Each structure stands twice: as structure tokens, then as C-alpha cells.
């Protein structure tokens, strides 16, 4: 049953039953995973107060959000909405619903005098980037800025790498709506396509692990943080991700792990060598016969011989490398691991790591291949590779990360950012609850 909270206009602000809330957000074109019921369930299990609230007209839900209340200085609270609310409609209709939602949200939350502020990060795009070039600011972003200004909200200058309670403002996204796997792969850059094409040829298998094997991901991420500028994942974040994975299940949150089987790799190398050697011998015999007759082998045959001999050299190097890896690490080696979460029409690449010494096996690219295959068969419109800093210079702290993601030939979308809507100005300022 939906419980009515505020009633001062034809639109009603209510606390939504989970079933109604879930049906609404999952029927939306875009809903980030932090607005799915499982997210609220995990936060509630962690001890936070959680509400699912909505703006309704009759029995129709027009907007909804999960609100998480963060304890502050023991006696107080801060309300958080991460990448919400989810709002129906388009254009002026959507803007009007958004304005009404926030006005009634403030009224509702304001009834609890312990809540100092509302921190909100809406999933509203400010602009898209073509490479490092920003596109025009979108009308919806300007309208949201104006709404927040009219309500006295403050826009934060901090980014996600400055503070744990500030959400990512720039994401790298690739549109794959309506594409087959073949089409999506073909739309990526050459390095990605090369990595994808290694599937089935180098002894690497992508396996999907469950929350009971979360330590594999933890070890990979810890290693990656130690050798890069990537922020270390905290223990609380690991627990949160694991619990979220348990709540969402294997069809909504996935942990693909790239595993090298050295026995299979060596077997594949030998099988490929056995197909190449007869070709080399045949063309070599042709070359010898031509030389005996005082003529040169044809250009086409010479090129084929050069390519096949070169390939044998590559296989020899790969064989030596794999034998060395096998001797030091055994028959099976984890190369890398990632964490993905699925929400309506969107697959988000949350975190990922890899062991640097095994990069030549393309483990991370094969993980993405497996996820592209999954995404293109599950009505995913956006392959969201998630956070980048928004610094496009060569000296950026995440320049390597952005370079990797840009190989998938998507684009950066910038969101409007994070706002604090203060309910008790003097008290919130004194207690450091804003900014």
C-alpha cells in the first residue's frame, strides 16, 4: 500500500510500496542502479533509514526516488538521493513534474527537524563530449540549475575523487541500442577488436563468479591500486558491492573473471602451429623449385611465406611465455576481474582490475567481449564504462583510464552534478553538513 505523505495539490506525494516503486523505475527508459529497490535494501540492511517516495496523480506514479538518510553528528541526519529521482515524461511536462517533486520532497523531509539537508545528484545530462570537445549545454540541465537556484540549493565544487559522498559527474558511455554483438564489436577501435578476436585462441576463459568468490575481485583491485593512481577500494565498499550482488542476483550484477588455462593455451598454440607448418613447407618447396629453374617465387607466394614464418615466430614467443607463466604460477591464473551492474537498458562497468604481468593475454578485453555479448542479447541501450575525471589533458590522473575507455569509441556525458538543498542553514553550516 502506498502511504500518503503530503497533500496540498492534485498531485500526491506518497511513500511507495516496493512493488509499485519497482514497476515504475524498471519501466523507465533510464534508471541508474542506485534507484533500484535492491540498493535501498542493502542500505537499509547496513543500518540506514531508507524511504521510497513518489509523486502521483491518481494511481499513476510520475516521479520516484530512493532516499537514504545518513546519520550526522550522532543526533542529526542528511538525506541523499543518488542519481535520482526517476521522472516520467518529456520536455515541459517533465520539468513541471520535477519541480513539484522537489517542492513536496522538501516539505516531507522537512517535517523531521533532525534532517539538516538533502544532497541530490540527478541523472540529468548537462552536455555530451565529442572526444575532448564539449557539446552545447542541454535545456534540461539549465532548467534543473534554475530549479535548484530557486530553491536555494548549493551546487558542490567537489568531485567523486574528493569525497566519498559525491557521485561521479563524468561517465564514458557507448550507445549499442539495437546492435548485434558483431555490429557493436565492429564499432569499436582496432585494439578492442584485436582483443575481442583473441577469444578461443589463447587459453583464456571468462567465468562468472558469485559473491562467495568476491575475494578474487578484491585481490585484483588491491593489486591494481598499488601499481596505478586508482583509488583503493575500502572494506566498506567491498562489503556494499558484495551485498548488492547478493540482493540483485547473477542476472543483474555480474563478476566476470578472465582465467588463463596454460594447458589449453599451449594446446592451442601447438594446433595452430600444426596447421601452419605444412603451408610453410609447401611454399618453401615451391621457392626451392623456382630457384632451381633460375626464377624468383611469385610475389603473392613470397608474402604468404613471410607472413606464415612470422606467425610461427609469434607462436614460439607465446609458447615460451606461457611455459614460463605455467612454471611460476601453475595451470590456471586469474588475469583480471570486473564488476558490472544492470539496470533498465543500461549496463554499468563499476570497477575493474588486472595483473600487469599478464596483459599480453588480453584478459580485460575478453571480459568486455563477454559483456558485449551479454548486453547485445539483453536489450541494453547504453554500455556505461562509468567514471572519468573530466580532465582530458595528457597529465590527467586518469589519462590512462580515459585512453583505454576511448578505444571503445563512445563518448563522455557530463551530468549536472551534486547539490545540497539545506533545510536548516545555520545549524547545517555549524555542523559541516553542506559543501
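Quick notes on this structure:
- Any chance residue 29 is in the same structural domain as residue 98 (by TED's automatic domain parsing), under 26 Å from the mean Cα position of the chain (by Cα), without any contact (Cβ under 8 Å) to a residue 24 or more places away in the chain and outside any strand (DSSP E or B): no
- Residue 178 being in a loop (DSSP other than H, G, I, E, B) and assigned by TED's automatic domain parsing to the domain that holds residue 361: yes
- Qualifying helices (runs of 4 or more DSSP H) (wholly inside segment 341-435; at least 1 residues being more than 28 Å from residue 155 (Cα to Cα) and in the same structural domain as residue 257 (by TED's automatic domain parsing)): 363-376, 399-406
- For residue 160: the one exception among (1) assigned by TED's automatic domain parsing to the domain that holds residue 378; (2) at pLDDT below 95; (3) in contact with a strand residue (DSSP E or B) (Cβ under 8 Å, 6 or more places away or on another chain); (4) part of a loop (DSSP other than H, G, I, E, B): (1)
- Test: residue in segment 141-151 that is in a loop (DSSP other than H, G, I, E, B), free of Cβ contacts under 8 Å to residues at least 12 places away in the same chain and exposed (fewer than 15 other Cβ atoms within 10 Å of the Cβ): no
- Which listed residue, of 325, 257, is outside any helix (DSSP H, G or I) and surrounded by 16 or more Cβ atoms within 10 Å (Cβ to Cβ): 257
The values are calculated or read from the model by the stated rules, or taken from the named source; none is laboratory data. Remember, predicted model here, so these are calculated numbers, not experimental data. Don't worry about glycine lacking a Cβ; one is built from the backbone with ideal geometry, like all the others, and counts go over all protein chains shown.
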